[in-house]
Amino acid sequence: MTLNGHSLIAGKTTVGTTGNTYGINPATNQQLEPAYSLISDEQLKTATDAADDAFESFSSLAPEQHARFLEVIADNIDAIGDELIERASTETGLGTERLRGERTRTTGQLRLFADVVRQGDFRGVRIDPAQADRKPLPRADIRQRQIPLGPVAVFGASNFPLAFSVAGGDTASAFAAGCPVIVKAHDAHPGTAELVGQAIVKAVTDLGLHPGVFSLVYGSGASIGQELVADPAIKAVGFTGSRAGGTALMRTAAARPEPIPVYAEMSSINPVYVFPGALGGDVEALAHQYIASVTGSSGQLCTSPGLVFVPVGEAGDRFTAAVTDAVTALSGQTMLSGGIASAWEHGYNTLEAVADVDLIGRGKSGPTENSPAPAVFEADLDVFISNRVLHEEIFGAASLVVRYKAAEDLVEATRLLDGQLTASLHVTEDDYAVASPLIPALERKVGRIIVNGWPTGVEVGNAMVHGGPYPATSDSKTTSVGTLAIYRFLRPVAYQNFPEQLRPAPLQDANPWNVNRLVDGNPQRHR
C-alpha cells in the first residue's frame, strides 16, 4: 500500500496546511519518510461535520451489515500483510513477533464485536407492556433500548500501535455501538496509522456506508487534539496514554457547554503480593516470571508490575537474590521513542536518589538508541508508606520490591495506593486465611485481581475488565478491553405509548432483529 503522508477525512486524502511531522525510528533516531502533513482547525471541522452527518444512517444499520463492516475491517488489516508489521516495528521498536500477536488481537477483537452486534444483547431491550386495567392507575406501554451516543474521538496509544490505536479496542467498541469515529493518529507511528486507516476507509467504501463514519487526522495533540474534544459534534472520547494527557482532555471535555465523557486509561503500577507459602516452591522460577513481566516490551505495558510486596526473612531474601540474578543478566530493549526513554531515565534517577531505597539489580544497556538497562529497587514497607514518590509509575522496565513483616500490614499499604488496573496475589492454600482480608481492600483499588499469575497479557473476551479507579482510568465503572467496552458509547432511551409503526426495530412486537429482551421483567430469549 502507498503511504501518502496525509489525513483521511471522510474518505478523502486531505493535505494538511499547518506543517509536517515525521515518524522516527527509535532504534536509530533516524527520520522516516514520508512526511505527514498536519491539518488545520478548519480541516478538522470537515471531519467532525461529516461524522455528525453520518451518525443517523450508521447508528441505525441492520445487524448483519453492521457486523460485516467490523469483519471487513479485520479482513482488510490482515490483507496488508508484512508491510504493516514491518512499518510498525520500524516506528516503535517493538519487534515483529510482538506486533504479529498484536495484529491478531486487533483483528480478533473486531470480529468479537461483530459477534456482539449480531447477538444484540448490548441493545438492552426492556419492555413493560401496557396494563390498562391496573388499579389504582393504568400502566402505559414503556419500552427501553440503548442507543449510540454519537461521534467518538479516539486517540492512538504509543505502546500499542495496532490494538489500542486506529482500529483498536476503542474504535472497535465505538463502531460496534453505532458511533462514527475520528481517530487522532499518534505522532510516534504515523505510517502504521495510515495503513490501518486505509483499511477502514476501504471497508466504509466497499459497504456503501456514509464516508463520515471514519476519519483519521494528523495534528498536534495540544491543538488539534484539544479542538477535537471541544467540537460539539463529538459525544465521547477514548484515550490511552499518560495521566497528564488524559487529564488535559478531561478538563477540556468538562469545560464544554455540553460536557462529555472521556474514557481515559492512564497510569498504574499493578501491585503484586507474594505471600510466604508461595516462596516455599521454586523461588527462582517465580523471580524469573516477575522479571519477564517487568521487562516484556521494554516494560512499556500498562499492566507491567511496578511494585511487588515480599516478606522479610530468608525465603524473601532468596527471592530478591534470584531477582537480582535475573535482571542483571538482561539487556535493555528499544523503547518507543527518545522522549519515553528520557522519561524512564528521569524516573530511574528519581527513585535512585530516594533515601533508604536500594538498587538491587540492573542489567546492561541495549545495543540500540533508547534502550536503557532494566532495573529493580528495594525498600522496606515503612519507607514505601511514608514516601509518595515510591507510588509513582515509571513507564518502562523498572520495578520496586517492598519488604513487609506481617501480612496484616498489607491492608493498610493497599489503602494508601492510587487506583490501579490490576493486583496479583501469589499464594498457596496455607496463605488463604491471611490473604483473604486483603481482597476487599483490593476491590476498592483495582479493576482485575489475579491469583498465581502476572498482570501482563490481557485476554480479550466477555468477562475481562481493563479499568480501575482513578488514575488508572477516568471512570472506574468501565473497561477498555472486552465486550463490556461497548457500553461506554451507549445511553438508554425509553419510548412510551409508541405505536408499532413508529417503534425502532428492536422494540417492535415482531422483533425483526431477533434480539433477546426483558418483557415485563421476564427474559425473552430469541437465540
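The values are calculated or read from the model by the stated rules, or taken from the named source; none is laboratory data. Small disclaimer: the values here were computed from a predicted structure and weren't measured. For neighbour counting, all protein chains shown are included, and Cβ atoms are generated from backbone atoms with ideal geometry for every residue, glycine included. When the accessible area is computed, the model is the full protein with side chains, heavy atoms only, and any ligands, DNA or RNA have been set aside. Shrake-Rupley method; radii C 1.70, N 1.55, O 1.52, S 1.80 Å.
Are any of the residues in the range 151-163 touching a strand residue (DSSP E or B) at 6+ places or on another chain (Cβ under 9 Å), more than 26 Å from Glu194 (Cβ to Cβ) and either open to solvent by 30 Å² or more (accessible area, probe 1.4 Å) or not charged (D, E, K, R) (or both)?
As a first pass, look at the range 151-163 and keep what is touching a strand residue (DSSP E or B) at 6+ places or on another chain (Cβ under 9 Å): 151-160.
The next check asks that each one be more than 26 Å from Glu194 (Cβ to Cβ); those that pass are none.
The answer is no; no qualifying residue exists.
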Residue pairs, Cβ under 7 Å, 6 or more apart or interchain, first in the range 11-39 and over 29 Å from Thr368 (Cβ atoms), second assigned to a strand (DSSP E or B) and hydroxyl-bearing (Ser, Thr, Tyr). List them.
Thr14/Ser7; Val15/Ser37; Gly16/Ser7; Gly16/Ser37; Ile39/Ser7; Ile39/Thr14
Are there any pairs, at least 6 apart or on different chains, whose C-beta atoms fall under 8 Å, with the first in the range 512-526 and under 15 Å from Val116 (Cα atoms) and of a type in the set (S, T, N, Q) and the second in a loop (DSSP other than H, G, I, E, B) and open to solvent by less than 50 Å² (accessible area, probe 1.4 Å), and if so, which?
Asn514/Gly120; Asn516/Gly120; Asn516/Val125
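Okay, residues lined up against (1) among the polar types (S, T, N, Q); (2) in contact with a helix residue (DSSP H, G or I) (Cβ under 7 Å, 6 or more places away or on another chain):
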{"site": "Arg87", "(1), (2)": "no, yes"}
{"site": "Val125", "(1), (2)": "no, yes"}
{"site": "Gln131", "(1), (2)": "yes, no"}
{"site": "Asp141", "(1), (2)": "no, no"}
Before we move on, is Ala510 open to solvent by 20 Å² or more (accessible area, probe 1.4 Å) and either at positive phi or not in a loop (DSSP other than H, G, I, E, B) (or both)?
no
Residues to consider are Ile9, Ile24, Ile39; find the one that is open to solvent by 30 Å² or more (accessible area, probe 1.4 Å) and within 28 Å of the chain's Cα centre (by Cα).
Ile24
Filtering the range 205-221 down to residues that are surrounded by fewer than 23 Cβ atoms within 10 Å (Cβ to Cβ), in contact (Cβ under 8 Å) with a residue 24 or more places away in the chain and more than 23 Å from the chain's Cα centre (by Cα) yields Thr205, Asp206, Leu207, Leu209, His210, Pro211
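Being surrounded by 15 or more Cβ atoms within 10 Å (Cβ to Cβ), among the basic types (Lys, Arg) and within 27 Å of the chain's Cα centre (by Cα), is that true of even one residue in the range 473-488?
Restricting attention to the range 473-488, the residues satisfying the condition of being surrounded by 15 or more Cβ atoms within 10 Å (Cβ to Cβ) are 473-476, 478-488.
In the following step, the residues that additionally are among the basic types (Lys, Arg) were identified as 488.
Applying the additional criterion that residues be within 27 Å of the chain's Cα centre (by Cα) yields 488.
For the range 473-488, residues surrounded by 15 or more Cβ atoms within 10 Å (Cβ to Cβ), among the basic types (Lys, Arg) and within 27 Å of the chain's Cα centre (by Cα): present.
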Here is a list of conditions, (1) part of a loop (DSSP other than H, G, I, E, B); (2) farther than 30 Å from Asp282 by Cα; (3) touching a residue at least 12 places away in the same chain (Cβ under 8 Å), and Leu484 meets all of them except one; can you say which number that is?
(1)
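Would you check if there is a residue in the range 182-196 being touching a residue at least 24 places away in the same chain (Cβ under 8 Å), part of a strand (DSSP E or B), more than 16 Å from the chain's Cα centre (by Cα) and buried (at least 24 other Cβ atoms within 10 Å of the Cβ)?
Let us first name the residues in the range 182-196 that are touching a residue at least 24 places away in the same chain (Cβ under 8 Å), namely 182-196.
Those left that are additionally part of a strand (DSSP E or B): 182-184.
Narrowing further to those that are more than 16 Å from the chain's Cα centre (by Cα): 182.
Narrowing the set further to residues that are buried (at least 24 other Cβ atoms within 10 Å of the Cβ) leaves 182.
Checking the range 182-196: at least one residue is touching a residue at least 24 places away in the same chain (Cβ under 8 Å), part of a strand (DSSP E or B), more than 16 Å from the chain's Cα centre (by Cα) and buried (at least 24 other Cβ atoms within 10 Å of the Cβ).
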Among the numbered conditions (1) at pLDDT 95 or above; (2) in a loop (DSSP other than H, G, I, E, B), tell me where Val434 comes up short.
(2)
For the range 418-431, which residues satisfy the criterion of being part of a helix (DSSP H, G or I) and surrounded by fewer than 19 Cβ atoms within 10 Å (Cβ to Cβ)?
Glu429, Asp430
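Checking the structure you have, find out if any residue of the range 206-220 is assigned to a loop (DSSP other than H, G, I, E, B), of a type in the set (A, V, I, L, M, F, W, C) and touching a strand residue (DSSP E or B) at 6+ places or on another chain (Cβ under 6 Å). Don't jump to the end; show me each part of the working.
At the first step, the residues of the range 206-220 found to be assigned to a loop (DSSP other than H, G, I, E, B) are 207-210, 218-220.
Add one more test, that the residue is of a type in the set (A, V, I, L, M, F, W, C), and what stays is 207, 209.
Remaining after also requiring touching a strand residue (DSSP E or B) at 6+ places or on another chain (Cβ under 6 Å): none.
No, every residue in the range 206-220 fails to be assigned to a loop (DSSP other than H, G, I, E, B), of a type in the set (A, V, I, L, M, F, W, C) and touching a strand residue (DSSP E or B) at 6+ places or on another chain (Cβ under 6 Å).
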Extreme residue, nearest to Ala27 (Cα to Cα), among residues of the range 361-396 that are of a type in the set (A, V, I, L, M) and open to solvent by less than 30 Å² (accessible area, probe 1.4 Å):
Ala373
State which residue pairs qualify: first residue farther than 11 Å from Gly363 by Cβ and inside the range 321-332, second residue open to solvent by 40 Å² or more (accessible area, probe 1.4 Å) and assigned to a helix (DSSP H, G or I) in any location, beta carbons under 7 Å apart, and separation of 6 or more residues or different chains.
Ala322/Glu284
Name, by its number, the condition in (1) assigned to a loop (DSSP other than H, G, I, E, B); (2) open to solvent by less than 10 Å² (accessible area, probe 1.4 Å); (3) free of Cβ contacts under 8 Å to residues at least 40 places away in the same chain that does not hold for Arg134.
(2)
Checking Gly453 against (1) part of a loop (DSSP other than H, G, I, E, B); (2) open to solvent by less than 20 Å² (accessible area, probe 1.4 Å); (3) without any contact (Cβ under 8 Å) to a residue 60 or more places away in the chain; (4) over 21 Å from Asp282 (Cα atoms), which single condition isn't satisfied?
(4)
Mind listing just one residue for me: the one in the range 48-79 that is more than 24 Å from the chain's Cα centre (by Cα) and closer than 30 Å to Gly19 by Cβ and, of those, surrounded by the fewest Cβ atoms within 10 Å (Cβ to Cβ)?
Asp49
Restricting attention to the range 341-360, and to residues there that are in contact with a Phe, Trp or Tyr (Cβ under 8 Å, 6 or more places away or on another chain) and assigned to a helix (DSSP H, G or I), which single residue is farthest from Asp380 (Cα to Cα)?
Ala343
